[in-house]
Amino acid sequence: MRVLLIDSALSLCTAAVFEDGTALAVRSEPMVKGHQERLAGFVREVMAGSGTRFDALGRIGVTTGPGSFTGLRVGLAFAQGLGAALDLPVVGISTLDALAASIAPDGVMPDAVAALIDARRGQVYAGFWRGGVAEGEAGALFLDQAGARITSLGQGVTLVGSGAALLADAFPAARTLELSGPSPEALARLVIAADPRLSPPDPRYLRAPDATPPTRMPGQPRVPVQP
């Protein structure tokens, strides 16, 4: 199966075309902002570079978060719009799942894994696995909470993601990999293996966005505070 992959959830902007487990074309660039301006060009490049017509794609895969609110919405909107235009299934993959899979190039995950994304404000977005099986729900955790979950995994823990450095000092024996985003190879494996009916491209924020809508429209009078 030939798939188009899109990831703009974190501080990378990635587009790639894979056929089964083989990369045909990959474009990935560190990017904190500006995904909206670059993503379409990246997709055009990898489609041309892989010699792939859009009607030859079997599905589109996209990261669903957690991650940057703006970057995440850019990737999801692009993937869903393209999928609708091409009548292709769009598969959503958790960013945390993809990060964890990135440390297992042969598809075999280490015994204990914590995928950690720096969520600011003293928190990490975190997911945990033991023996390749998810341990509890992913969530936005304070560092002490995440540390307790990591301790419960036992020995030989691998910390992966932009939040790994925040907990590395507390776990000096842990293997630490500070990835800016999931590897295209890991994302391809997950997208190809997923059931589109069970993996919709729905955003996973895990925490409310920092920006909130205004409580009144411009020119609208303020609501008086009740005594």
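Miscellaneous remarks
- Just one residue in the set Thr63, Thr70, Thr52 is out of contact with any strand residue (DSSP E or B) (no Cβ under 6 Å at 6 or more places or on another chain) and hydroxyl-bearing (Ser, Thr, Tyr); that residue is Thr70.
- Residue ID - nearest to Pro203 (Cα to Cα), chosen from residues in the range 124-153 that are over 18 Å from the mean Cα position of the chain (by Cα) and open to solvent by less than 30 Å² (accessible area, probe 1.4 Å): Ala146
- Residue selection: Asp106 satisfies the criterion of being in a loop (DSSP other than H, G, I, E, B) and either open to solvent by less than 20 Å² (accessible area, probe 1.4 Å) or within 24 Å of Ser28 (Cα to Cα) (or both).
- Yes/no for Ala170 being open to solvent by 50 Å² or more (accessible area, probe 1.4 Å), among the small types (Gly, Ala, Ser), over 21 Å from Ala9 (Cα atoms) and at pLDDT 95 or above: yes
- Residue identified as surrounded by 24 or more Cβ atoms within 10 Å (Cβ to Cβ), within 29 Å of Thr158 (Cα to Cα) and at pLDDT 95 or above among Val17, Val26: Val17
- The single condition from (1) part of a loop (DSSP other than H, G, I, E, B); (2) at pLDDT 90 or above; (3) over 24 Å from Gly61 (Cβ atoms) that Ala165 fails is (1).
- Checking each residue in the range 58-75 for being of a type in the set (A, V, I, L, M, F, W, C) and either open to solvent by less than 10 Å² (accessible area, probe 1.4 Å) or within 19 Å of Gly127 (Cβ to Cβ) (or both) picks out Ile60, Val62, Phe69, Leu72.
- Single residue of the range 14-47 satisfying the filter (in a helix (DSSP H, G or I) and without any contact (Cβ under 8 Å) to a residue 12 or more places away in the chain) that is farthest from Leu4 (Cα to Cα): Glu37
- No other residue among Arg207, Arg216, Arg121 is under 17 Å from the mean Cα position of the chain (by Cα), modelled with pLDDT under 95 and either of a type in the set (Asp, Glu) or more than 29 Å from Arg27 (Cα to Cα) (or both) apart from Arg207.
- For Arg2: the one exception among (1) more than 19 Å from Ala188 (Cβ to Cβ); (2) touching a Ser or Thr at 6+ places or on another chain (Cβ under 7 Å); (3) at pLDDT 95 or above; (4) open to solvent by 30 Å² or more (accessible area, probe 1.4 Å): (1)
The values are calculated or read from the model by the stated rules, or taken from the named source; none is laboratory data. What you are looking at is a predicted structure, and each value in this text was computed from that prediction instead of being measured. Because the Cβ atoms are built from the backbone with ideal geometry, glycine has one as well, and the counts that use them run over all protein chains shown. In case anyone asks, the SASA skips ligands and DNA or RNA and just uses the protein heavy atoms, side chains included. Shrake-Rupley method; radii C 1.70, N 1.55, O 1.52, S 1.80 Å.
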